[in-house]
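Colleague: This is the structure, below, for whatever I ask next.
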Amino acid sequence: HFLSAYGIDYDRMAQMALHDQEQAEIADSIQAQQMAMLQQQIDSTLESLDSYIEMLYEDNVQEKVKGTYMILQLARNADNLETLIQDERLFSRLVGTLKESAKQSLDLSINIMYIFLCFSSFSEFHQMIVEHEVGSLTFKVLDYELKRFVAFQKELDSVKSADAETAKKEAKKTKLKIQLQDKLIHAALYFLLNLAEDISIEKKMRKKGIVGMMVQLIEKRSSEVALAALTFLKKLSIFKENKEEMKAAGIVEKSAKFFESSADALVLVTMRLFLNLSFDADMRQEMVSNAVPILRPKSQRLF
């Protein structure tokens, strides 16, 4: 499927190599919520599109989540995209819903962002996306989520003072929110990366601070988010002005850790990023100072 690399995989959390029982329970909780929604997929039809859009006007957030989920199932089929884009209300209502309710529900934001990602996978839909200013809205969503992540980290620190049982329960809730947040950020990054095929749009993103945002996102995030951010940085690093900004943000030191990753994709994209950065004498020297382990058995199998 054309979205196999991007679409929501509802079994993924259960298949991840989780490091401890607590994280396994968190993943199971996410999967249980999403599998409940998955059971409704059979009812998602183009003939019912009007009713799905009507759900987005409801005051009940769960109704909006259900409506966007149904639309997402349609959007994940490339054959439906042309029909969906012809509905004049759809894009406007999705944008409006994200503006109005993004802070209320991560599930709602995730659904809408993945719908936009489906459309962004085809350049012929980019003009519609630009006209509705979805790119600018996505920047606002990412900025908000970065700030919310700081709040989540403070929540994790604060529960440490509680009794053991309460601390474990509250920490589990917060980690669940962080994992859902990572799904949203993952979709948003690939959406922006698709739009950045147009160099003029990429330049506008630079003015909005895309470089600094990507550097932030390679720290303390899931491997999926780190991979998306590093892929974006690799693309941005072609231009000198972007490399200068990366250098000022300490990109070499912050990303060198990925050479020790067990994920081949992370190692490879970091190598490609460093190749682009190595044309700058200062960063090349910084790579030497950081003893970047380019040649080692684990990375040799990538070539």
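The values are calculated or read from the model by the stated rules, or taken from the named source; none is laboratory data. The model shown is predicted, which means the values in this text are computed figures rather than measured ones. Glycine gets a Cβ as well: all are built from the backbone with ideal geometry, and neighbour counts include every protein chain shown. When the accessible area is computed, the model is the full protein with side chains, heavy atoms only, and any ligands, DNA or RNA have been set aside. Shrake-Rupley method; radii C 1.70, N 1.55, O 1.52, S 1.80 Å.
Colleague: Can we say Ile238 is β-branched (Val, Ile, Thr) and open to solvent by 50 Å² or more (accessible area, probe 1.4 Å)? Lay out the reasoning, then the answer.
Modeller: On the way: β-branched (Val, Ile, Thr): yes; open to solvent by 50 Å² or more (accessible area, probe 1.4 Å): yes.
For Ile238, the condition - β-branched (Val, Ile, Thr) and open to solvent by 50 Å² or more (accessible area, probe 1.4 Å) - is met.
Colleague: Scan segment 197-209 for residues that are free of Cβ contacts under 8 Å to residues at least 40 places away in the same chain and open to solvent by less than 20 Å² (accessible area, probe 1.4 Å) and jot them down.
Modeller: Glu202 - this is the single residue of segment 197-209 that is free of Cβ contacts under 8 Å to residues at least 40 places away in the same chain and open to solvent by less than 20 Å² (accessible area, probe 1.4 Å).
Colleague: May I ask you to list the residues in segment 189-216 that are small (Gly, Ala, Ser), assigned to a helix (DSSP H, G or I) and closer than 15 Å to Ala249 by Cβ?
Modeller: The answer is Gly212, and nothing else.
Colleague: Going residue by residue through segment 169-179, is there one that turns out to be open to solvent by 20 Å² or more (accessible area, probe 1.4 Å), among the β-branched types (Val, Ile, Thr), touching a residue at least 60 places away in the same chain (Cβ under 8 Å) and in a helix (DSSP H, G or I)?
Modeller: Scanning segment 169-179 turns up no residue that is open to solvent by 20 Å² or more (accessible area, probe 1.4 Å), among the β-branched types (Val, Ile, Thr), touching a residue at least 60 places away in the same chain (Cβ under 8 Å) and in a helix (DSSP H, G or I).
Colleague: Hey, among the residues in segment 259-280 that are touching a residue at least 40 places away in the same chain (Cβ under 8 Å) and assigned to a helix (DSSP H, G or I), which one's farthest from Leu193 (Cα to Cα)?
Modeller: Filtering segment 259-280 for residues that are touching a residue at least 40 places away in the same chain (Cβ under 8 Å) and assigned to a helix (DSSP H, G or I), the one farthest from Leu193 (Cα to Cα) comes out as Phe259.
Colleague: Let me spell it out: the conditions are (1) at pLDDT below 95; (2) open to solvent by less than 40 Å² (accessible area, probe 1.4 Å), and Ala229 meets all of them except one. Which number is the exception?
Modeller: It is condition (1) that Ala229 fails.
Colleague: Inside segment 138-152, can you point out the residues that are over 14 Å from the mean Cα position of the chain (by Cα) and in contact (Cβ under 8 Å) with a residue 24 or more places away in the chain?
Modeller: Across segment 138-152, the qualifying residues are Arg148, Phe152.
Colleague: Taking Ser237, is it under 22 Å from Met205 (Cβ atoms), modelled with pLDDT of 95 or more and among the polar types (S, T, N, Q)?
Modeller: yes
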